[in-house]
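The values are calculated or read from the model by the stated rules, or taken from the named source; none is laboratory data. Please read these numbers as outputs of a predicted model, since none were measured by experiment. Heads up, the Cβs are rebuilt from the backbone with ideal geometry, glycines too, and the neighbour counts pull from every protein chain shown.
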Amino acid sequence: MNMKSKFFKSLGGFLIGVINSLLGAGGGMIAVPLLNRMGLSQKESHASAIAIILPLTAISATIYILTQKVTFSQALPYIPAGLAGSLIGSYILPKIPENALRKIFALFMLWAGIRMVLR
């Protein structure tokens, strides 16, 4: 890997971490397109983004809990359903055609952007 490629991968990872911590898992909006550009398929990009974001989210959550920005009891009601959704999503991901996955991802990004602008 050349220095330029290594630099851009490091910069991408840094931006993913910052966005993930600021927006709450919004790093996937950067990770998926970045991983696509690096040559991964749509499915590989989504799966890799989850693998990247998991430790980043764990670190961010720990910091927010330790600095008392949030309590574990505030997050607890969402964890069981989130885990169930994660299991179902990781089971379904390999079955979704690449083109459909790309469109679903784009629609969610568009929906999230519209919601943020209108609030």
Working carefully through the options Ile88, Ile63, find the one that is surrounded by fewer than 16 Cβ atoms within 10 Å (Cβ to Cβ) and in contact with a helix residue (DSSP H, G or I) (Cβ under 9 Å, 6 or more places away or on another chain). Ile63
Looking only at the stretch 54-91, count how many residues are part of a helix (DSSP H, G or I) and either of a type outside the set (A, V, I, L, M, F, W, C) or under 16 Å from the mean Cα position of the chain (by Cα) (or both). 23
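Count, please, the residues in the stretch 36-50 that happen to be among the hydrophobic types (A, V, I, L, M, F, W, C) and at pLDDT 85 or above.
2
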Within the stretch 22-62, track down each residue that is touching a Lys or Arg at 6+ places or on another chain (Cβ under 8 Å) and either among the β-branched types (Val, Ile, Thr) or free of Cβ contacts under 8 Å to residues at least 40 places away in the same chain (or both). Met38
Looking for something over 30 Å from Asn2 (Cβ atoms) and part of a helix (DSSP H, G or I) - is there at least one such residue anywhere in the stretch 22-29? yes
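For the structure I just gave you, tell me whether Leu110 is part of a helix (DSSP H, G or I), in contact (Cβ under 8 Å) with a residue 40 or more places away in the chain, more than 30 Å from Asn2 (Cβ to Cβ) and of a type in the set (A, V, I, L, M, F, W, C).
Values: part of a helix (DSSP H, G or I): yes; in contact (Cβ under 8 Å) with a residue 40 or more places away in the chain: no; more than 30 Å from Asn2 (Cβ to Cβ): yes; of a type in the set (A, V, I, L, M, F, W, C): yes.
No, not satisfied.
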Look at Thr57 and say whether it is in contact with a helix residue (DSSP H, G or I) (Cβ under 9 Å, 6 or more places away or on another chain) and surrounded by 10 or more Cβ atoms within 10 Å (Cβ to Cβ). yes
In the stretch 21-40, the residues that are surrounded by 13 or more Cβ atoms within 10 Å (Cβ to Cβ) and closer than 19 Å to Asn99 by Cα: Gly28, Met29, Ile30, Ala31, Val32, Pro33, Leu34, Leu35, Asn36, Met38, Leu40
If Pro94 passes every condition in (1) loosely packed, with under 12 Cβ neighbours inside 10 Å; (2) assigned to a helix (DSSP H, G or I); (3) without any contact (Cβ under 8 Å) to a residue 24 or more places away in the chain but one, which one does it miss? (3)
